[in-house]
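What follows is a single structure, written as structure tokens, with notes after it.
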Amino acid sequence: MNKVQFMSHIEDAFVRRKEILKKKEKEYSSGRDRLEQFYRAGAAQNILPTEALIGMATKHFTSITDMCKDPSNYTTNQWNEKLDDLCNYCDLLNALVTDINE
């Protein structure tokens with residue numbers, strides 16, 4: 001993959017991930033606080049919201065780990081779905097840490 005192809009690939013991934021975040025916001029947020037689900041999950045488990053988020057992200061990471069054992073068994077769409085979700089959890093963690101530290 002040359003530089004132009006790689007940059008196009010990255011831009012496509014950013015667009016996909018942004019659309020997923022918009023869709024998930026409607027599913028998981030009351031509209032007041034985009035990170036509220038992690039605060040609530042943490043409170044319910046008596047752990048930090050960051051720990052709750054990592055617990056949720058772990059599901060995607062372990063699934064990707066299994067997929068890596070035989071990558072050709074999965075379609076590009078399957079890979080995109082799992083990897084986009086995991087990348088979005090990293091962005092959500094970054095936002096959550098920022099929110100906590102402010």
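The values are calculated or read from the model by the stated rules, or taken from the named source; none is laboratory data. These figures come from a predicted structure and were not determined experimentally. Neighbour counts run over all protein chains shown; Cβ positions are idealised from the backbone, glycine included. With ligands, DNA and RNA removed, areas are computed over all heavy atoms of the protein, side chains included. Shrake-Rupley method; radii C 1.70, N 1.55, O 1.52, S 1.80 Å.
Say we look at segment 52-74 and pick out the residues that are surrounded by 14 or more Cβ atoms within 10 Å (Cβ to Cβ) and among the hydroxyl-bearing types (Ser, Thr, Tyr); which of these is farthest from Tyr89 (Cα to Cα)? By that ranking, first place goes to Tyr74.
Within segment 34-48, being polar (S, T, N, Q) and open to solvent by less than 60 Å² (accessible area, probe 1.4 Å) holds for one residue alone: Gln37. Could you list, in sequence order, the residues of segment 63-99 that are in contact (Cβ under 8 Å) with a residue 24 or more places away in the chain and among the β-branched types (Val, Ile, Thr)? Val97, the sole residue that qualifies. Scanning segment 1-31 for residues being hydroxyl-bearing (Ser, Thr, Tyr) and in a helix (DSSP H, G or I) gives a total of 2.
Okay, residues lined up against (1) at pLDDT below 95; (2) small (Gly, Ala, Ser); (3) touching a Cys at 6+ places or on another chain (Cβ under 9 Å); (4) open to solvent by 60 Å² or more (accessible area, probe 1.4 Å):
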| site | (1), (2), (3), (4) |
| --- | --- |
| Tyr28 | yes, no, no, yes |
| Thr50 | no, no, no, no |
| Thr76 | no, no, no, yes |
| Glu102 | yes, no, no, yes |
